[in-house]
Amino acid sequence: VAISLDRIGDIWNTKGDYDKALEYFERAMAIRLQYYGESHPNVAGSLTRIGDIWETKGDYDKALEYFERAMAINLQYYGESHPNVAASLSRIGDIWNIKGDYDNG
């Protein structure tokens, strides 16, 4: 069901209805949280999708919050040298760059 919700969210995102996309991504994340718990990479994937929407909407602080939560899960699950951790760090760096805070990015 979570995968289906993500796909519907992707369609809303493509259509530019970010609030509707966010609604579906949050529903998918709720299912993953219930099924996997808070420290699973599938939850990190949901957090990243939600962060993407907040970034698109221009709420960089909210995006950063979600990307950092995803990175913490990836770091805990995979360790420091995994590509998912690198991808999370990159997303966080992108947000700091957009915000013009080059010391953190």
_the range 70-98 residues that are without any contact (Cβ under 8 Å) to a residue 24 or more places away in the chain, paired with ones that are open to solvent by 40 Å² or more (accessible area, probe 1.4 Å) and among the hydrophobic types (A, V, I, L, M, F, W, C) (beta carbon under 6 Å, 6 or more apart)_ = VAL85/LEU75
*Report, by residue number, each residue of the range 14-60 that is open to solvent by less than 60 Å² (accessible area, probe 1.4 Å), part of a helix (DSSP H, G or I) and closer than 21 Å to LYS99 by Cα.*
LEU47, THR48, ILE50, GLY51, ASP52, ILE53, TRP54, GLU55
*Among (1) at pLDDT 95 or above; (2) over 19 Å from ASN13 (Cβ atoms); (3) aliphatic (A, V, I, L, M); (4) open to solvent by 50 Å² or more (accessible area, probe 1.4 Å), which single condition is LEU89 missing?*
(1)
*Please state which of the following conditions SER4 fails to meet, knowing it meets all the rest: (1) part of a helix (DSSP H, G or I); (2) polar (S, T, N, Q); (3) touching a Gly at 6+ places or on another chain (Cβ under 9 Å).*
(3)
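Quick one: which residue in LEU47, LEU64 is more than 25 Å from ARG7 (Cβ to Cβ), at pLDDT 95 or above and under 11 Å from the mean Cα position of the chain (by Cα)?
One residue alone meets the criteria, LEU64.
The values are calculated or read from the model by the stated rules, or taken from the named source; none is laboratory data. Quick caveat, the model's predicted, so the values are computed rather than measured. Every residue, glycine among them, receives a Cβ derived from its backbone with ideal geometry; neighbour counts consider all protein chains shown. When the accessible area is computed, the model is the full protein with side chains, heavy atoms only, and any ligands, DNA or RNA have been set aside. Shrake-Rupley method; radii C 1.70, N 1.55, O 1.52, S 1.80 Å.
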